1. Please report, ordered by residue number, the strands (runs of 3 or more DSSP E) entirely within the stretch 144-261 with at least 1 residues that are out of contact with any strand residue (DSSP E or B) (no Cβ under 8 Å at 6 or more places or on another chain).
2. Has the stretch 126-147 got any residue that is modelled with pLDDT under 90, surrounded by fewer than 21 Cβ atoms within 10 Å (Cβ to Cβ), more than 18 Å from the chain's Cα centre (by Cα) and of a type in the set (Asp, Glu)?
3. So Arg293 fits all but one of (1) within 21 Å of Glu146 (Cα to Cα); (2) surrounded by fewer than 16 Cβ atoms within 10 Å (Cβ to Cβ); what number is the exception?
4. Filter the stretch 181-231 for residues that are of a type in the set (D, E, K, R) and farther than 24 Å from Glu276 by Cβ and give the result.
5. Find the residue count for the stretch 292-324, including only residues that are in contact with a Lys or Arg (Cβ under 7 Å, 6 or more places away or on another chain) and part of a helix (DSSP H, G or I).
6. Might you let me know whether the stretch 234-242 holds any residue that is within 30 Å of Ile289 (Cα to Cα) and under 25 Å from the mean Cα position of the chain (by Cα)?
7. Name every residue in the stretch 195-209 that is crowded, with 21+ Cβ neighbours inside 10 Å and either in contact with a Gly (Cβ under 8 Å, 6 or more places away or on another chain) or on the phi > 0 side of the Ramachandran plot (or both), in order of residue number.
Amino acid sequence: MSNSRDMKIARYLAGEMSTKEEIAFLRESGENQKQLSELRNMEKHWKYFDQNPTRDKWDSGEAWKKLHHKLESDGLLEDQTVRPDRFILTPLFRIAAAVLLILAIGIPALYFGVIREKGGETTHYLADEGVSTVDLPDGSRVFLNEGAEITYSKSFKNQRSVKLSGEAFFEVMKDPRNPFSVHSGGMVVTVLGTSFNVKQLHHSSDAEVYVKTGKVKVSLDQSDHVLYLEPEQFGVVTNNTLSSQELEDPNYISWKTKEFKFVNSALTDVLTELEESYHVKIHAEDVDISDLRITTTYSGLSINAILETIGTAFNMNLSQRDNDYILTK
């Protein structure tokens with residue numbers, strides 16, 4: 001892999017390519033399965049580190065150590081030997097080195113698993129794989145669930161408004177003089193500064209909003225009906241009708257928090273919840289799990305760790321093929 005390609009990958013990961021350059025780069029990468037795999041591995045592992053580094057707090061040496069340890073523990077290094085006379089750089093290492101070089105000269109933020117498009121008047125983000133993070137120009141942060149899209153105008157700082165398709169969790173910076181609004185389906189959510197989840201249902205005008213902190217105002221595009229929600233409250237738009245309901249699912253935002261609570265839950269339902277939260281496939285082969293139930297909690301664990309505990313509890317073995325997990329007797 002040439003130094004030129006290393007720098008292209010680093011510029012792509014750092015979001016410094018123009019739309020035309022990104023399209024050409026992705027087309028080129030898609031023609032080479034090995035190169036595409038290396039790019040996805042870098043996105044997958046780097047996203048666990050700080051996504052908004054600044055010069056005064058970013059320690060590239062420490063980040064490098066963390067990345068090396070992660071790649072090594074996952075068996076992604078082609079040559080793990082460090083020789084006294086020289087250090088062997090695999091393609092993944094060269095890409096990481098290029099990214100670190102760009103970080104060292106002050107790139108403000110990194111976005112992984114996100115496809116970004118900049119038009120003349122709007123900026124568009126699509127989370128094409130897993131959960132992705134986007135930092136908005138006002139300092140607000142958006143966690144996009146897989147498949148979600150947001151769009152906002154060039155004049156965002158003067159009018160804080162985004163359009164959402166899919167599901168996202170918002171952490172909004174407070175600005176009483178400039179309210180923040182989310183347009184999703186036929187619903188408009190308006191806040192001053194708070195955290196909340198918005199979910200458009202099946203790409204229709206129906207939508208849901210769950211308030212984690214603060215207070216939000218929910219309204220409809222084609223109605224004067226307004227609903228105010230406070231922490232732990234849940235609003236629903238169905239058939240252009242707005243209502244407040246009790247949120248019965250304790251794992252409603254587990255896709256973002258990775259915190260789960262199951263009380264005498266059917267194991268089939270638990271596995272479905274885990275599939276949706278971690279964006280994987282879980283199969284039970286040669287074992288009947290239809291009558292199995294479980295009561296447990298998980299907090300901040302990887303999908304591997306959770307499935308290992310489930311396998312141990314029900315005397316099952318766990319194996320993995322890419323993003324597919326298989327439970328067997």
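The values are calculated or read from the model by the stated rules, or taken from the named source; none is laboratory data. On a predicted model such as this, the values are computed, not experimentally measured, just so you know. Positions of Cβ are generated from backbone atoms using ideal geometry, with glycine treated the same way; all protein chains shown enter the neighbour counts.
1. Output list reads 234-238, 241-245.
2. So the first thing to find is which residues in the stretch 126-147 are modelled with pLDDT under 90, and the list is 128-130.
Keeping just the survivors that are surrounded by fewer than 21 Cβ atoms within 10 Å (Cβ to Cβ) gives 128-130.
From the residues that got through so far, the ones that are more than 18 Å from the chain's Cα centre (by Cα) too are none.
Among the residues of the stretch 126-147, not one is modelled with pLDDT under 90, surrounded by fewer than 21 Cβ atoms within 10 Å (Cβ to Cβ), more than 18 Å from the chain's Cα centre (by Cα) and of a type in the set (Asp, Glu), which makes the answer no.
3. Every condition holds for Arg293 apart from (1).
4. Let us first name the residues in the stretch 181-231 that are of a type in the set (D, E, K, R), namely 199, 206, 208, 212, 215, 217, 221, 224, 230.
Scanning the stretch 181-231 gives Lys215, Lys217, Asp221, Asp224, Glu230.
5. So the answer is 0.
6. From the stretch 234-242, those within 30 Å of Ile289 (Cα to Cα) are none; that's our starting set.
No, that holds for no residue.
7. Result: Phe196, Lys199, Gln200, Ala207, Glu208, Val209.
Matching residues to (1) surrounded by fewer than 17 Cβ atoms within 10 Å (Cβ to Cβ); (2) closer than 22 Å to Ser132 by Cα:
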site: Tyr152; (1), (2): no, yes
site: Gly166; (1), (2): no, yes
site: Leu192; (1), (2): no, no
site: Glu230; (1), (2): yes, no
